[in-house]
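The structure appears below as structure tokens.
Bear in mind that the values in this text are calculations on the coordinates, not laboratory data. Small disclaimer: the values here were computed from a predicted structure and weren't measured. A quick note on method: Cβ atoms are made from the backbone with ideal geometry, for glycine too, and the neighbour counts reach across all protein chains shown.
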Amino acid sequence: MFDLERRDIKYLTGVGPMRAETLGKELDIHSLRDLLSYYPYKYVDRSRIYAINELDANMPFIQIKGQILSTETMGEGRGKRLVAHFSDGTGVVDLVWFQGIKFAQKSLKLFKPYIVFGRPTVFNQRIQVAHPEMEAAEEIRLSTIGFRPFYITTEKMKRMGLQSNAIEKMMHAVMDQITEPLPETLTPDIIEENHLISLTDALRHIHFPQNTEWLKRAELRLKFEELFYVQLNILRYVRERQIHFRGYLFNKIGDIFNTFYHQNLPFALTEAQKRVIREIRRDLCTGKQMNRLLQGDVGSGKTLVALMSMLIALDNGYQACLMAPTEILANQHFDTIQSLLFGMNVRVELLTGSIKGKRRESILQGLLTGDVQILIGTHAVIEETVQFHSLGFVVIDEQHRFGVEQRSKLWKKNVQPPHILVMTATPIPRTLAMTIYGDLDVSVIDQLPPGRKPVTTIHQYDNQRASLFHSIHRQLAEGRQVYFVYPLITESEKIDLKNLEEGYLHICEAFANYKVCKVHGKMKAAEKDAQMQLFVTGEAQIMVATTVIEVGVNVPNASVMVVENAERFGLSQLHQLRGRVGRGADQSYCILVTKQKLAEETRKRLDIMVRTNDGFEIAEADLKFRGPGDLEGTQQSGTAFDLKIANLARDGQIIQMAREAAQRLMESDPDGTSPTNTPIWRQLQALRKGMTNWSAIS
Ligand code: ADP
Ligand code: MG
């Protein structure tokens, strides 16, 4: 069989050792298979010939058929050029050469039919095409060209004459060698069920599609295949984990949970909270290790769900631990949980970097004996020195600050890995979560506790500052607290900091009767904490900050969030910021301040913020605007295998198809032993071997 994998690119017609080396270095192309997976970034329809009188300079590429009426050289020195007046009977365009003038002059023939291909521009009110591609009209059959592929090449490649059309020639050369179908990488069942075309057809049409219909089919097949193996890899991995690890069985609901539920719980759970607790409870009874992602918008009450799940662990004789990304948040969780458990005989301790000496010793001792039942902390809790008596349940809050490696350290904290609940307030569209957190089961709290007044969001221009300050004065007079947030983007950190400092001075002046505190990323942790504490206790009424307050701080009395230079924030970030207010019973406001001149897209972003409070809608919109690469913690590279053609932001539907196909395969052949599926397992093996990004999944 024709094995593309083993065919070195250097033996391909027109390549040779030099170009092969460059292709390897620049694009990681070594074999013919690699070359075929280097897909075009765009296509130009070459089946169509335009009439010269239809052309305008906005067309990206054009193709015309006609003849050269005359040529002349014009200009001097660097401006010297050859101009050929070209006509098809409907009009005249100028074909222009600045380089290779001699060569062009020699080879161009007057009154001979040519097909000219190039990009039209306007010069002196005439349409011209600089350095067009010319082919003798009788030598090409346009009906067989269809779409013409364009490939991205690097500067280095261009210098060696490896432009897009050189790659195109190589693709043709490979295609000429493929005289029989390539070995399939999907089974006939999967191909049929998903209405896919064969691999050979897909590769042919992704490079040289006859028309858009074929291009779409080729894309579907190749995208599906990529996403299918990403999903299959995840499901296989989950299965392997289930075989190798058992999970603790928590089949008891006991005194601790019941006492809390019937005596301490200060309000009724929302339906969504109840549903999620049931989902977690079900996991804990299976004997398998739970790995669950809990998504819930800011303020949806995830902490309570986490606490009640931890109490189930306690009832079954195990310890639980909650990790937060910052000391402030760990402190806050500690306070909240202690007061929620008031009067109950449960020992809860806080462990952060700043807890030292005797205090620390006593906590560590208590963890070893099992006296400490719930530990709350920062990543200090995963240090080697922290050993548990029997850790059974771990909650990780605000996941994106906790890397995958840190998560896996937890597994070694007991004989079997504890159950893990990851909580995040960054809503991730479902199909994306399926890929990035595909190894985690997902629970969603899609409901806010009753009585919350949705935050009112207002967009204001920075020349309306007087009226803005006026309404803030009113809020302060009613005893509310206010945030002012400034952007901080690392490249121009100095300017940003200057903005913040100036803003701070200005605000201190404008609100001279109030205490203003200030927090930014350049401060030492202790200083930051002290400033933050001023605001949390209500001693300061105004906080001026960079986005360090983004995650999780809870000050119910703060009712106004002013975001300065809001045009510089992404949607998800704005939504996170807005989540800092609207936590108490009062009507809250989020005011997005921008300059007046805004790009169209920015305006759309701000409109979405003003229109909706729905985190999922915002996340979807964010994904569309920015693509998945920009979402924190959800890089496109977050998949185990590189995606060459599929796009996590745009191909949600194909992700869904691929997930379902992979699931069906796992159900029918859980151990990978059925001979019909051999090509699939072999392909997965090959992908895993070549995988650079294993850590994304473990
Ligand atoms: P987040 O999901 O952002 O972590 P929290 O767990 O901090 O949200 O909850 C936000 C606030 O809502 C807290 O003050 C909490 O006490 C309150 N809360 C949580 N659940 C309920 C509920 N069912 N009814 C009323 N208030 C609730
Ligand atoms: Mg929280």
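Listed values, structure above:
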read-out	value
Within region 91-170, percent of DSSP bridges classed antiparallel, to nearest 5	75 percent
Magnitude of the charge dipole, the chain, Cβ model with Lys/Arg +1 and Asp/Glu -1, debye to 20	740 debye
Mean Cβ neighbour count within 10 Å, used as a protection proxy, ranking 214-222, 260-268, 539-547 highest first	539-547, 214-222, 260-268
Crossing angle, helix 615-626 versus the chain [Cα axis fit, 0-90 degrees, rounded to tens]	30 degrees
Label-to-label distance, nm, for residues given as residue 513 and residue 389 (7 Å Cα→Cβ offset)	5.6 nm
Estimated FRET transfer efficiency when R0 is 41 angstrom, pair residue 614-residue 45 (beta carbons, to 0.05)	0.55
Antiparallel %, DSSP beta bridges [both residues in the chain], to 5	35 percent
For region 456-612: rounded, prolate or oblate by the Cα gyration tensor [a/c cutoff 1.5]	rounded
Amide N of region 60-94 lying under 13 Å from the label point, which is placed 7 angstrom from the Cα of residue 136 along Cα→Cβ	none
Added length on full extension, which subtracts the Cα-Cα distance from 0.36 nm per residue, residue 112 to residue 165	16.7 nm
Gyration tensor (alpha-carbon) shape descriptor, the chain, a/c threshold 1.5	oblate
Shape category assigned to region 112-224 from the gyration tensor of Cα positions, a/c cut at 1.5	prolate
Förster-model FRET efficiency, 25 Å R0, residue 3 and residue 685, C-beta, rounded to 0.05	0.95
Inter-site label distance for residue 87 and residue 251 at 7 Å from Cα along Cβ, in nm	9.4 nm
Helix-derived mean residue ellipticity, 222 nm - over the chain, DSSP H n ≥ 4, -39500 (n - 2.57), to 500	-12000 deg cm²/dmol
Under 17 Å from residue 413, Cα to Cα: aspartates and glutamates that are on another chain or at least 8 residues apart	371, 383, 384, 405
Length released on extending from residue 522 to residue 453, taking residue separation times 0.36 nm less the Cα-Cα span	21.4 nm
Theoretical gain in end-to-end length, residue 125 to residue 347 [0.36 nm per residue, Cα-Cα removed]	71.6 nm
In region 52-150, the GluC sites (Glu not before Pro) that fall in loop regions by DSSP, at most 12 other Cβ within 10 Å	76
Peptides ranked, highest mean first, by Cβ atoms within 10 Å: ranges 55-61, 38-44	38-44, 55-61
Pairwise label distance in nanometres, residue 53 with residue 644, each label 7 Å out on the Cα-Cβ vector	4.7 nm
Crossing angle, helix 357-369 versus the chain [Cα axis fit, 0-90 degrees, rounded to tens]	90 degrees
